[in-house]
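**Q** Have a look at this one.
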Amino acid sequence: MKLGINGLGRIGKLTLWHHVSKKYFSGIVVNIGREVGRSLEDLAAAIERDSTYGRLGTYLHGHKAGRVIEELDNDKGTMLVNGVPLRVLRQARNPKLIPWRENEVKLVVDTTGVFSDPTTDPAGEKGALRGHIEAGAEKVILSAPFKIKSKGIDMPDDAVTTVMGINDEVYDPSRHTLISAASCTTTCLSYMIKPLMESIGAENFLSASMVTVHAATGSQQVLDRLPNAGATDLRKNRSIMNNIILTTTGAAKALALVIPEMERIGFMAESVRIPTSSGSLIVLVLNFQDDAENPIKRAFINSIYQDYARNNPYLVFAEQQNVSSDIIGLPAAAVVIEGSETHTRTASIQVNLQKAKAESLMPGADPILNVPVTQAVVYGWYDNELGSYTNMLGDLTVQVAERIL
């Protein structure tokens, strides 16, 4: 089977790296939709070298490796990358015009970040995610969360959001055509939440909040520039090289698609961008209704993660202290729990039942109720590019490929 990749930005390029390493697919077809540099040699150089992860040869074979890209044919747009045949398409950017059918591509990973609405009509001039299906693909994996732009429209029945190892069992190959691999932050967050939910119980979660301290992304500006007309967030136009920038994240909304129990739990998610190229951190704060005689302690929470890590390679529990660069390139780890920084505090809070619904308070009952509540803080590292997200996206891609009829 051949794999199609639409886009060769950060996730597209690293997805290519992942699959030429694993060699599951017999060939890869990458659509760029435009010319790059002066020849295919310039494109090969861009594929081969990376400012964050070094050279492709070193990534694949260690420091003694030579060049792994060979047999370039500029006219045909072909080359061999680590022995895997690669064809580059440079004509069409609209998904419905990409010749997937002619290139025998049944599975496409769209990494452009442009086509995220599963409800958009592919007949439109700007293109749509479903355009890949019209062009011959049978399944499309989106390397981002779905975003339905029109209010009041439900998620289509043939679209599903999955995270490997969390809810990938909900994918039904007879029903689902569009598959979202969520986001790097949602992937990390789901592995921080699910082990606790399974052990402590969703019914004991009172509230949750998180902040992701996130590395820079390609949508940010290297230097300050003027905002576009009508822009409401002026921080997006400021230099990421020089600033800590407050922004937003859709992780809370996407998490509910992956772990439905989160729907009933009050959850807030915030994001702060910092001037690093990769390596991010989630600070997760949870409040549990607890047992006053046997409260949840730090050691118990860490033991939950330690046990989970023994049976799931996507969660790593770290005994040592880390900094962000330690996480970069770590293979297939959705999250690295910084166990030394887990904290808990249990206190009895007073709830005034008179402020609750009238029927909740029995006649003559004491309106003040003491409830033991434990607040926990957990730190989780993730490589938002290659190590965490792209490696797990690659595993999901193979899983979908294996079930194409």
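Just so it is clear, none of the values below were taken in a lab; they were calculated from the coordinates. Being a predicted model, the structure only gives us computed values, none of them experimental. Glycine also receives a Cβ, built like all others from the backbone with ideal geometry; neighbour counts cover every protein chain displayed.
**Q** DSSP loop (so not H, G, I, E, B), at most 14 other Cβ within 10 Å: list which GluC sites (Glu not before Pro) in region 110-215 pass both filters.
**A** Loop-located and lightly packed - E125.
**Q** Sticking with this one: If you average 1/r across every pair of different Cα atoms in region 1-137 and take the reciprocal, what Kirkwood value do you get, in Å?
**A** 15.3 Å
**Q** With a Förster radius of 41 Å, plug the Cβ-Cβ distance of D157 and E319 into 1/(1 + (r/R0)^6) and report the FRET value to the nearest 0.05.
**A** 0.35
**Q** Here's another thing I want to ask about it. If you put +1 on each Lys and Arg Cβ and -1 on each Asp and Glu Cβ, how big is the dipole of region 185-387 around its Cα centre, in Debye rounded to 20?
**A** Result for region 185-387 is approximately 620 debye, rounded to the nearest 20.
**Q** Antiparallel as a % of all DSSP beta bridges within the chain, to the nearest 5?
**A** Percent antiparallel among DSSP bridges in the chain is about 50.
**Q** If you don't mind, another one. Nearest 0.05, what FRET efficiency do V222 and S348 give at R0 = 35 Å with Cβ-Cβ as r?
**A** 0.10
**Q** Which trypsin sites (Lys or Arg not before Pro) in region 66-118 pass both tests, a DSSP loop state and at most 10 other beta-carbon atoms within 10 Å?
**A** Loop-located and lightly packed - R67, K76.
**Q** A further question follows. For A123 and E169, compute 0.36 nm times the residue count separating them, minus their Cα-Cα distance, and round to one decimal in nm.
**A** 13.4 nm
**Q** Using +1 on the beta carbon of Lys and Arg, -1 on that of Asp and Glu, and nothing else charged, what's the dipole of the chain about the Cα centre, debye to 20?
**A** The calculated dipole for the chain is roughly 1060 debye.
**Q** In straight Cα distance, which aspartates and glutamates are under 20 Å from K64, not counting same-chain residues fewer than 8 positions off?
**A** Those aspartates and glutamates meeting the cut-off are E48, D50.
**Q** Turning to a different aspect of this structure: Ignoring everything except DSSP H segments at least 4 long, calculate the 222 nm mean residue ellipticity for the chain; use -39,500 (n - 2.57) per segment, divide by total residues, nearest 500.
**A** My calculation for the chain gives -6000 deg cm²/dmol from helical runs alone.
**Q** Could you go through region 117-130 in sequence order and give the Karplus-derived ³J(HN,Hα) for each residue, using 6.51 cos²θ - 1.76 cosθ + 1.60 with θ = phi - 60°, rounded to whole Hz, and x for Gly and Pro?
**A** Result, ordered by residue: 9, x, 9, 5, 6, x, 6, x, 5, 7, x, 7, 4, 5 Hz.
**Q** As a quick test, which of the pairs K106/K194; K23/K139; K2/K194; K23/K126; K76/K106; K149/K194 have an alpha carbon distance above 23 angstrom in this structure?
**A** In this structure, K106/K194; K2/K194; K23/K126; K149/K194 lie more than 23 Å apart at Cα.
**Q** Okay, moving on. Mind checking which of Q91, Q321, Q289 has the largest fluctuation in a GNM of the chain, springs on alpha carbons under 10 Å?
**A** Answer for the Gaussian network model of the chain: Q321.
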